[in-house]
Amino acid sequence: MFISKAFFKDTAYGWDGLSTFIFSNILLFLSFGLGLLWLFIKVCILARKAPIMPDGNVNTKTVWLVAGLCLRNNLPVEEFKVRLDRVVKLMSCGYEAEKILILGGISADNQVSEAKAGAEYLHRQGVPESLLVLEDQSRHTLENLQHARTLLEFMDRTHNSTLIISSRYHLCRILTLAQGLGLRLTPVAAENQLSLDVRTCLLIFKEAYFLHWYWSGRLWVFITGNRRSRARIT
């Protein structure tokens with residue numbers, strides 16, 4: 001199932017994004033980084049506690065979202081493969097997907113989208129092509145979820161609980177953005193457990209920073225009444 005570019009609305013950051021970015025850093029300075037520290041801890045807690053299997057009846061079909069990741073030479077990197085392998089493991093344990101939405105457009109110098117590369121990888125692992133839906137127009141996590149919401153509305157599944165499969169460090173930001181968009185997502189961690197090496201800690205810090213920017217943006221919208229910014233995050 002392929003969706004054309006015209007199906008989606010452009011959501012580039014522009015001046016609104018820049019203004020919230022500046023506001024976020026001003027708040028970061030004025031709060032001595034305490035807000036960022038709290039978000040770092042919050043990301044860590046969810047990253048550690050996130051389940052590798054969803055709760056509930058294994059025979060209940062639901063839609064699964066798989067977060068994309070930048071490719072290397074048009075192929076999934078190892079971290080992206082771990083996310084995709086979680087799909088295969090869930091299916092081998094008896095979980096059934098109504099549809100599997102793979103998220104991610106073309107990034108960096110690649111010629112294929114993250115979604116297409118992910119779908120091809122899953123198909124080689126034995127996942128039926130009929131289950132795979134590509135969301136291949138997004139450029140970042142917020143657009144991933146906005147476009148996923150559009151696809152879920154198209155399938156009349158917006159109000160049903162949906163699985164989101166991603167790396168542990170990434171889940172907190174996904175769930176926060178999804179809640180703002182009115183999406184009910186059930187997190188499933190790609191990795192079996194959290195490994196707090198230097199790289200992961202830096203990624204968690206990055207996620208906390210983006211979350212600080214997001215919450216600062218919501219405050220900015222409340223203060224300014226900026227309708228364009230409100231439309232972008234809700």
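Quick look at the values:
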item: Net dipole in debye of the chain [+1 Lys, Arg Cβ; -1 Asp, Glu Cβ; about Cα centre; nearest 20]; result: 520 debye
item: Signed unit charges on C-beta, dipole axis of the chain, positive-most listed residue 37, 128, 91; result: 37
item: Accessible area of the chain belonging to carbon and sulfur atoms, whole % at 1.4 Å probe; result: 60 percent
item: Cα-based convex hull, the chain, per residue volume (Å³, whole number); result: 130 Å³
item: Cα-based shape type of the range 81-180, given that a ≥ b ≥ c are square roots of the gyration tensor eigenvalues and the cut on a/c is 1.5; result: rounded
item: Heavy-atom accessible area per residue - the range 14-77, 1.4 Å, Å²; result: 59 Å²
item: Solvent-accessible surface ranking, highest first, for 153, 96 at 1.4 angstrom; result: 153, 96
item: In nm, spacing of pseudo-spin labels at residue 45 and residue 192 (7 Å Cα→C-beta vector); result: 2.7 nm
item: Calculated FRET efficiency for the pair residue 88/residue 21, C-beta based, R₀ 35 Å, to 0.05; result: 0.35
item: Dipole of the range 71-193, positive direction: furthest Cα of 187, 105, 75, with charges on the beta-carbon; result: 187
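The values are calculated or read from the model by the stated rules, or taken from the named source; none is laboratory data. Values in this document were obtained by computation on a predicted structure and should not be read as measured data. So basically every Cβ, Gly included, is an ideal-geometry build from the backbone, and we count neighbours across all protein chains shown. For accessibility, only protein heavy atoms count, side chains too; no ligands or nucleic acids. Shrake-Rupley method; radii C 1.70, N 1.55, O 1.52, S 1.80 Å.
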